[in-house]
Amino acid sequence: MAGRFLRPALLLAALVMAGGAAANPQGRATSDFPVASEARIETQGETVRLVLTLSQPVTASAFVMAGPDRVIVDLPSVNFQIPASNARRSAGFVSGFRYGLFTPDRARLILDLAQPAAVADVSVKPLRGGFGELVIELKRTSREEFVALARAAAAKAQLPHVPVESKSEGDQRRIVVIDPGHGGIDPGAVVASIAEKSVVLAFGLKLKEQLEAQGRYRVIMTRHDDSFVPLGDRVRIARSVEAHLFISIHADSLTQAQDVRGATIYTGSERASDAEAARLAAKENQADAVAGLDASEDVQDVAGILMDLAKRETRGFSAMFARNLVEKLGGSVKMHKVPLRSAGFRVLTAPDVPSVLIELGYMSSPKDAELLNSESWRAQAVTAVQGAVDQYFERTQPPGKAAESRR
């Protein structure tokens, strides 16, 4: 497990399995997972402890990461039933913690650090009735020691990858990839206990259902449940299936401007069209870091003149689809006063797949928040996006040169 690379004094020992969660819970309901019912942080001198109460003991491993500084605790899939107020608590050098599903068979808990710290111990104590108490003990350390531990962790880390069903022989349908933003441990914007990840997943599933009903499209979701998908994997999914179109779904939030509302369509570019687009791209590009992954940029696997031609052609198709979206959505839902923008979103970097990002609205706007959670509004907006997809494929052919650049 990930914690094994730490030296013995700081090793996060694997916990004894007593009743054990299944290693591969795919197909299991969340209610079948071990339940985490309480989490608390306490301090004692230079030590901070996080205590997690579980319905049964589980295995766990942990390690530290920098940029930002944090401690990552990996667990089997857990049904977190912890009061939301717990996640805002802090103690000593721990400024807060968060948790959620990380992959179909793994949960993750992240402790944010205000100062460098190392993991001193991980232990489990069986409780009466078959319950378990997981204790993560942290101790303050030097910046040099922390950096060394983080580098060791980064060298051992393995990104989760999402399997994708292969295309059937002779299937001539257009391939559309729908990418609901955030998910699992990364909730996205949260306003009044409503998480962006849930809003955009509901929209994405409805769009998939409506597109597939026509029989003209093969629709692939980057996630179809409340799980986390790394940014790079979202792009890789689109490229691996040779998608004709990639649609990323989000819902923004501006804490200082609750009067700002309306949908916005974004395309990818190295230079942002304006400061607001740059702000949003920077925030969305931190999704991996929020989930405890290295947020460094992915290295493209093709290069040279052919890549430049592919990017140029693909961006032309992306811009065409974006204009279709503004036209169709504008006839059905309220648009932002600047409805078409561009910025360096990592999920829009596929050189051979036309890609757009839709901000459905602002969760920080009471009116938009009400609409985003309305089934009637969702149906209306989904129909508009479907119309834009239909119009795009009626007017264009998928990129030729771009497709040739795939490996």
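The values are calculated or read from the model by the stated rules, or taken from the named source; none is laboratory data. This structure is a prediction, so every number in the text was calculated from the model and none was measured. Note: ideal-geometry Cβ built from the backbone for every residue, glycine included; neighbour counts use all protein chains shown. To get the accessible areas, we keep the full protein, side chains included, count just its heavy atoms, and leave off ligands, DNA and RNA. Shrake-Rupley method; radii C 1.70, N 1.55, O 1.52, S 1.80 Å.
Would you please put 35-45, 356-366 in order of how densely packed they are, using the mean number of other Cβ atoms within 10 angstrom per residue and starting with the highest?
Working: 35-45: 14.5, 356-366: 23.6.
Per-residue mean Cβ counts within 10 Å order the peptides as 356-366, 35-45.
What FRET efficiency do you get for Glu38 and Glu394 if R0 is 60 Å and r is their Cβ-Cβ distance, rounded to the nearest 0.05?
Values: r = 55 Å, r/R0 = 0.92.
Efficiency, from the Cβ-Cβ distance: 0.60.
Once you have the Cα-Cα distance between Ala91 and Ser376, take 0.36 nm times their residue separation minus that, and quote the gain in nm to one decimal.
Working: separation 285, 0.36 × 285 = 102.60 nm, distance 4.40 nm.
Once the chain is fully extended between Ala91 and Ser376, it gains 98.2 nm.
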Roughly speaking, to the nearest percent, how much of the range 54-145's 1.4 Å accessible area is carbon and sulfur?
49
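On average, how much accessible surface per residue is there in the range 336-384, in Å², for a 1.4 Å probe, leaving out ligands, DNA and RNA?
Working: 1620 Å² over 49 residues.
The answer is 33 Å² per residue.
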Can you list residues from other chains, or at least 5 along the same chain, whose modelled amide H is less than 5 Å from the amide H of Asp186?
none
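Show me the ranking of peptides 124-132, 233-241 by mean Cβ neighbours inside 10 Å, starting with the highest.
Values: 124-132: 13.7, 233-241: 22.0.
For the peptides 124-132, 233-241, the packing ranking is 233-241, 124-132.
If R₀ is 51 angstrom, what is the calculated FRET efficiency for the pair Thr383 and Val147, using the beta carbon separation as r and rounding to 0.05? Kindly include the intermediate steps, with their values, before the conclusion.
On the way: r = 52 Å, r/R0 = 1.02.
FRET efficiency, Thr383 to Val147: 0.45.
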Over the range 45-159, what relative contact order in percent results from Cα pairs under 8 Å that are six or more residues apart?
33
Accessible area expressed per residue, the range 64-136, with surrounding protein chains retained (probe 1.4 Å, Å²)
38
Amide H to amide H under 5 Å from Gln56: which residues, 5+ apart in sequence or cross-chain, H placed 1.01 Å off N in plane?
Val35, Gly132
So, in nm, how far is label Glu242 from label Gln172 when the simple model puts each one 7 Å beyond its Cα toward the Cβ?
1.5
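Tell me, what is the FRET efficiency for Val190 and Glu46 to the nearest 0.05, using R0 = 41 angstrom and their Cβ-Cβ distance as r?
Numbers: r = 32 Å, r/R0 = 0.79.
Using R0 = 41 Å, I get an efficiency of 0.80.
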Ranking Ala202, Gly184, Leu254 by how far each Cα lies towards the positive end of the charge dipole of the range 139-291 (+1 on Lys and Arg Cβ, -1 on Asp and Glu Cβ), the top one is Gly184
HN-Hα J couplings of the range 119-133 from phi, Karplus 6.51/-1.76/1.60, θ = phi - 60°, integer Hz, Gly and Pro as x?
7, 8, 6, 10, 9, 10, 10, x, 10, 4, x, x, 6, x, 10
Proximal aspartates and glutamates relative to Lys311, as straight alpha-carbon distance under 17 Å, when same-chain residues fewer than 8 apart are discounted:
Glu242, Glu270, Asp298, Asp301, Asp352, Glu404
Straight-line reach from Lys197: which lysines have a Cα under 16 Å away, not including same-chain ones fewer than 8 places off?
Lys206, Lys283
The lysines whose Cα lies under 26 Å from the Cα of Lys139, excluding any fewer than 8 residues away in the same chain, are Lys125, Lys156
